[in-house]
Amino acid sequence: MTDTAPPSSLKSETSNRLALAALLIGGIFIGGSPIFVRLSEVGPMSTAFWRVALALLPLLIWSRAAAATATDSKPAGFADCAHLVLPGVFLAADLAAWHLALHMTSVANATLLANLAPIFVTLGSWVLFRAHVSRLFIAGLVTALLGVVVLKGGPAAIGDGKLAGDATAVVAAVFYAGYILSIGRLRARFSTIRIMIWSTASAAICMLPLALMFEADFMPVALFGWAMLAGLAFISHASGQALIIYALAFLPAAFSSLTLLLQPVVAAILAWLPLSEPVGLMQAIGGAIVLAGILVARRG
């Protein structure tokens, strides 16, 4: 006589595996966003605006084609609308702060410090929601963060930038943590597409005045420039963020943010050809350490 797992357990395990796959693919898609940003013909604020504004097109098409889901409901009042808008405000603040940091400190510093978001997600989950964080998860988190430090050139890379720029990158990490946490609370009631449309539209509304106020080159003039913006919007945002939001329905927010540390690894690999930035031994070792940290955290 053999024991078999109940259907509900098998279904849950399958859902978790699909969610993990979606999270990893979403992290890879978003990891390509620095390439699109670097190759964009317009300024960083305008690039951020077009990222979320153009992403609304496939999201609206998806919304029309998708049937209603059991986990979706319409906002019941002002409070629900405010909760749906909040992730977009956090996202816009994160994009603005991160792009600003790129002009105030080194790219390595800005990218490294902006990826401290998992620390703030874990702290926020513990302070706000009293979520349990295991020691094994913390060990995985520390390992992954160590891998990011190695990937970006070692501890010396942290101190070679200007203090104001480094602080701005940390602010970006705080806002991205707020984005992850606010979405995690919404997935219990609203569908992925509803959250995506609300957060993307509110982020675009927040980014528009920043782009118009601080940059003259608001629109690209060549087809290549529009192609870079389309890739950023359709691949990195519409596809990447949708996969991540889907995964948050099945995985803890703290683990999800940790897995997204794959982004700097992906960015380093993708930058090899178009930007002529080869991956060195230090970067390869750092990427391996990040992956090891993710595996440890997964077990925790």
Next on the checklist: Being closer than 28 Å to Leu186 by Cα, in a helix (DSSP H, G or I) and either aromatic (Phe, Trp, Tyr) or out of contact with any Pro (no Cβ under 8 Å at 6 or more places or on another chain) (or both) is the filter here; which residues of the range 106-124 pass it?
Outcome noted: Leu113, Ala114, Ala117, Pro118, Ile119, Phe120, Val121, Thr122, Leu123, Gly124
Next on the checklist: The conditions are (1) modelled with pLDDT of 80 or more; (2) part of a loop (DSSP other than H, G, I, E, B); (3) of a type in the set (Gly, Ala, Ser), and Ala70 fails exactly one of them. Which is it?
Outcome noted: (1)
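Conditions tested, residue by residue: (1) part of a helix (DSSP H, G or I); (2) open to solvent by 50 Å² or more (accessible area, probe 1.4 Å); (3) over 27 Å from Leu39 (Cα atoms); (4) not β-branched (Val, Ile, Thr).
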| site | (1), (2), (3), (4) |
| --- | --- |
| Val171 | yes, yes, no, no |
| Tyr179 | yes, no, no, yes |
| Arg185 | yes, yes, yes, yes |
| Phe190 | no, no, yes, yes |
| Ser199 | yes, no, no, yes |
| Ile205 | yes, yes, no, no |
| Pro209 | yes, yes, no, yes |
| Asp217 | no, yes, no, yes |
| Pro220 | no, no, no, yes |
Checklist entry - Just for the range 219-239: of the residues that are more than 18 Å from Ala201 (Cβ to Cβ) and not hydrophobic (A, V, I, L, M, F, W, C), which one is farthest from the chain's Cα centre (by Cα)? => result Pro220
Next on the checklist: Every residue in the range 42-60 that is in a loop (DSSP other than H, G, I, E, B) and aliphatic (A, V, I, L, M), please.
Outcome noted: Val42
Checklist outcome for this item: Taking the range 146-168 and keeping only residues that are crowded, with 21+ Cβ neighbours inside 10 Å and at pLDDT 85 or above, one is left with Thr168
Checklist entry - Given the conditions (1) open to solvent by 20 Å² or more (accessible area, probe 1.4 Å); (2) modelled with pLDDT of 75 or more, which single one is not true for Val279? => result (2)
Next on the checklist: Of all residues being part of a loop (DSSP other than H, G, I, E, B) and surrounded by fewer than 20 Cβ atoms within 10 Å (Cβ to Cβ) in the range 81-105, which is modelled with the lowest pLDDT? Just the residue, please.
Outcome noted: His103
Next on the checklist: Quick check on Trp50: is it at pLDDT 80 or above and open to solvent by 40 Å² or more (accessible area, probe 1.4 Å)?
Outcome noted: no
Item to check | Residue list for the range 222-246, filter: touching an Asp or Glu at 6+ places or on another chain (Cβ under 6 Å) and either under 17 Å from Val85 (Cα atoms) or outside any helix (DSSP H, G or I) (or both) | outcome: none
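The values are calculated or read from the model by the stated rules, or taken from the named source; none is laboratory data. Keep in mind it's a predicted model, so treat the numbers as computed, not measured. Positions of Cβ are generated from backbone atoms using ideal geometry, with glycine treated the same way; all protein chains shown enter the neighbour counts. When the accessible area is computed, the model is the full protein with side chains, heavy atoms only, and any ligands, DNA or RNA have been set aside. Shrake-Rupley method; radii C 1.70, N 1.55, O 1.52, S 1.80 Å.
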